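The values are calculated or read from the model by the stated rules, or taken from the named source; none is laboratory data. Note that this is a predicted model, so its numbers are computed, not measured. Cβ: placed from backbone, ideal geometry, glycine included. Neighbour counts: every protein chain shown.
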Amino acid sequence: MRSNGQRSSPVVPLLCLVGAVLFWGTSFAATKTALASMSPMAVIWLRMMVGSLAFTPFWRRIPKPDYRAGDWMLLALIGLLMPCLYYLFEGYAVLYTTSSQAGVISAIVPLLVAAGAWVFLRERLGVRSVVAIVVSLGGVTALSLGGAAQAAAPNPVLGNVLEFLAMVCAAGSMLAVKHLSTRYNPWLLTGMQAALGTAFFLPGARQLGSIGLGAIPPIAWASVVYLGLAVTLGAFGLYNTALSMMPSNRAALAINLVPAVAMGTGWLALGETLTLVQLVACALVVGAVVLGESGRENADAVEPVAGIEAVEQA
């Protein structure tokens with residue numbers, strides 16, 4: 001863990017963000033493949049279990065955290081919000097609303113993180129970051145609505161509310177991770193999230209037993225392993241590492257690249273088509289993220305406000 005006065009190379013957090021975005025973006029195709037043979041709860045539990053088992057040998061190698069009184073509440077909050085409530089809300093949201101509407105709602109994460117970081121972490125929000133967020137929101141909206149076909153939406157109001165709650169959970173978890181990242185190794189927080197997710201989604205193991213392990217094809221098992229290793233551990237670990245090195249609002253901006261990567265993966269791996277509007281939207285999102293990440297307006301050091309400090313000291 002780097003000291004408070006030491007500055008890390010800006011290349012390192014950017015590379016971490018690139019890796020996290022690639023893993024998260026490709027997770028949609030892997031999830032779709034796994035869901036063809038297993039239930040959503042079974043897929044989520046398996047990926048959490050794979051991630052937890054893979055992380056087990058490294059627990060002792062991670063530096064011990066600088067635990068302070070009250071940290072347990074923030075740690076519990078991180079685990080509850082992400083992955084538990086996040087996956088629960090989002091998993092059921094897609095049953096009731098279209099993927100286009102869910103994609104539009106997911107684009108509010110940078111705004112939620114930026115607003116929360118401004119309130120709780122005293123992170124300044126510069127003009128370049130504001131412009132980049134607005135442009136990226138427009139790009140993600142066009143990306144989500146530019147498809148040639150849309151899925152059925154039996155209850156879009158309920159689905160959109162659930163998707164919004166999932167994004168609130170994601171933003172809240174990111175802010176809590178950012179606050180603890182000065183004293184907790186980001187990979188320690190990632191391993192904790194995987195372990196809590198394994199316990200939370202344990203009912204999925206019962207559903208897995210009802211399917212019959214022999215009926216699950218190898219491609220589905222390979223997809224689950226990829227989700228557990230590359231996404232549950234890799235993506236979250238890399239993103240948490242980036243959060244420990246840069247302001248929360250800039251790190252969250254990169255999330256808007258995930259839909260573009262997901263579209264490209266679906267086209268290459270699953271034969272899904274991209275419309276001209278979606279291709280233009282992808283370029284717009286990439287340009288917005290580059291604009292936001294190239295800014296120098298935010299200071300690396302952030303200071304928690306009394307609201308979060310009160311939670312720690314309670």
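General observations
- Top-ranked residue of region 31-40 - restricted to ones that are of a type in the set (A, V, I, L, M, F, W, C) and not in a helix (DSSP H, G or I), ranked as surrounded by the fewest Cβ atoms within 10 Å (Cβ to Cβ): A36
- Of all residues in region 179-203, those that are charged (D, E, K, R) have Cβ atoms under 9 Å from Cβ atoms of residues that are assigned to a loop (DSSP other than H, G, I, E, B), 6 or more apart or on another chain, in R183/M1; R183/P65; R183/D66; R183/Y67; R183/R68.
- Qualifying residue in region 241-252 (condition: at positive phi, of a type in the set (G, A, S) and either outside any helix (DSSP H, G or I) or touching a residue at least 12 places away in the same chain (Cβ under 8 Å) (or both)): no
- Whichever residue in region 144-184 is polar (S, T, N, Q), under 30 Å from P13 (Cβ atoms) and surrounded by 19 or more Cβ atoms within 10 Å (Cβ to Cβ) and, among such residues, is modelled with the highest pLDDT: S173
- Filter result (of a type in the set (G, A, S), in contact (Cβ under 8 Å) with a residue 40 or more places away in the chain and part of a helix (DSSP H, G or I)) within region 104-133: S106, A114, G116, A117, S129, A132
- Within region 54-71, tally of residues that are part of a helix (DSSP H, G or I) and without any contact (Cβ under 8 Å) to a residue 12 or more places away in the chain: 4
- Test result for L257, in a helix (DSSP H, G or I) and over 25 Å from I133 (Cβ atoms): no
- Pairs linking a residue in region 208-219 that is part of a helix (DSSP H, G or I) to a residue that is surrounded by 10 or more Cβ atoms within 10 Å (Cβ to Cβ) and of a type in the set (S, T, Y), with Cβ atoms under 9 Å and 6 or more positions apart or on different chains, are L208/S39; S210/S39; I211/S37; I211/S39; A215/S37; I219/T33; I219/S37.
- Residue match in region 19-30 (condition: modelled with pLDDT under 90, over 27 Å from R250 (Cα atoms) and buried (at least 18 other Cβ atoms within 10 Å of the Cβ)): yes
- Picking from residues in region 172-207 that are among the aromatic types (F, W, Y) and assigned to a helix (DSSP H, G or I), the one that is nearest to L77 (Cα to Cα) is F200.
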